[in-house]
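Take a look at the structure set out below.
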Amino acid sequence: MSEFSDMFSYLVRKKDIQVYAMGQYCNTDRSTMYKIINGKRKPPTEEVFNKICDFMHLSPSEYEEFRITYDLTRLGRNVYYRRKNVEQFMLDCPDSTYLPSVPPLPQSTPGFLAKNWADMPPCLALTSQLEFNHVLHHILIAESNKEEGHIGLMLQPDNEFLYGLLAGLKSAGNHLNIEQIICLGKTEEQEIVNLSYLKNIVPLYICSLKYDLYYYHDDINAHYRNFNGFSCMILTSEYAITCTSDYKSGILYHDAKALAMMWELYTSYRDRCTPLFHPVYSVLEECNILGNMGWDETPSYAIQPEPCLIPYITPELLERNIYPDIPGRENMIASLTNFIIKGRKRIPNNNMHHYHTRHGIKLFAETGRLQEIPQEIYHPLSPEERIFLLDSILPYCSGGYYRLLKKPLDRMSENVHLCVNSTTGYLLFTNICNQNVYLIFKEPGLLSIFHDYAESLSDKDLYTGEETAQYIKSVIQELKTQKGQVSRLK
């Protein structure tokens, strides 16, 4: 038996379903249907599953529960939960109005911390999470207020208090450098854990912190869970903490020699690790790097709110809309033009699949803004230009290369763009300073997770190309109507 067959059997009994009649409706013989119900056959095809649901007249909640057991059994638990975690990541990404705040500490303060910090001994035991959080709060806030603060972390991104604290540090100082070493696992189960780390990591980039992340591969449980003592390290310019991976006990050091030794050890480890992300902030670097990422060599996928319209931008449109007083305007237009030409050449290869939302299309139609181009460098596109760009992608909708997302991804965060193929990928966000941030990654585990998810999207997740084209045509018609109304008013 399986989760699916258990649920199927339960529904058949609950609704007093005649298996023979259901088999006829689904064009499946009664013997095969009984084997599916009893778990002696694998779950049926998507088409047969949908017919089974229709025949049993499931309520929305029954369908949802039945669907989960179908996917769990068909895909396996690891693949199912990995894809679900990607989906949740796309839904939950903070937007550019994200306002982090330093998490509050409990009212009670451990007695030894109520003393003057200048009188702290060179070595102090921390014997509870309360003590750990109070010490962490003090030393990180103090470091963020320094003219050139520096924080080094060698631990997993799994402590909500720590990451809430880090995200809120930007308001305290503008010259804080944070770097971190993390361990990434390579098993299927640990890849799900790797993805969960992104939920804590991404807000640090959105908060516009100077944050450098390095990784190495190992067994996460063996490295951090199996009697490894004080396996984590937190360093500032004045203090060091070594602690257990559950952050409930550790040692605080306030000794110059011990601190220097730990920074030297940390640096030697960091130099043997690999950067997880290559952050890109400038338009010129964006054009140079993103234009040479092999999008035309292998099937690639873009999942984002608005459709990718950049390949259809003309040089005349750039010249009209880039602000005239932008420093280095000519170089910027030349780089953007070259980037656009490369993108346009990829269109006939049909290797790029664009998945987007209704809301993203509407937002572009209303604002004339594309998130992939920083807002501070160009005028909003005119209604005529918006119509021109939307009209340009219609032929590629019919081929299925531009498709609208169904639930739940139709409600994806407006602040996340994912573009990925089998060799490289990037996540695009707008940070709280209204800057575009591209996080380019090539780590095999993350690539596999995101590429598998994008490649797995099917008709149950996506509207057809024809349905997508119909919706875009309706948006174009709205723009034309509004444009006509404005013309008559004039």
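Looking at region 406-428, can you tell me whether even one residue there is of a type in the set (D, E, K, R), under 28 Å from Tyr63 (Cα atoms), open to solvent by 10 Å² or more (accessible area, probe 1.4 Å) and part of a loop (DSSP other than H, G, I, E, B)?
Yes, region 406-428 has at least one match.
When you check Ile373 against the structure, is it among the β-branched types (Val, Ile, Thr), over 26 Å from Gly328 (Cα atoms), open to solvent by less than 40 Å² (accessible area, probe 1.4 Å) and not in a strand (DSSP E or B), yes or no?
On the way: among the β-branched types (Val, Ile, Thr): yes; over 26 Å from Gly328 (Cα atoms): no; open to solvent by less than 40 Å² (accessible area, probe 1.4 Å): yes; not in a strand (DSSP E or B): yes.
No.
Given the criterion assigned to a helix (DSSP H, G or I), modelled with pLDDT under 85 and not polar (S, T, N, Q), identify the matching residue among Ala118, Ala142.
Ala118
Could you check region 207-251 for strands (runs of 3 or more DSSP E) lying wholly inside it with 3 or more residues that are touching a residue at least 60 places away in the same chain (Cβ under 8 Å)?
Qualifying strands (runs of 3 or more DSSP E): 210-217, 232-235.
Give Phe364, Phe339 a once-over and let me know the one that is within 21 Å of Lys473 (Cα to Cα), of a type outside the set (D, E, K, R), without any contact (Cβ under 8 Å) to a residue 60 or more places away in the chain and open to solvent by less than 50 Å² (accessible area, probe 1.4 Å).
Numbers: Phe339 fails: within 21 Å of Lys473 (Cα to Cα).
Residue meeting the stated conditions: Phe364.
The values are calculated or read from the model by the stated rules, or taken from the named source; none is laboratory data. The structure displayed is predicted, hence computed values, not measured ones. Note that each Cβ is placed from the backbone with ideal geometry, even for glycine, and that neighbours are counted across all protein chains shown. The accessibility values were calculated without ligands, DNA or RNA, using every heavy atom of the protein model including side chains. Shrake-Rupley method; radii C 1.70, N 1.55, O 1.52, S 1.80 Å.
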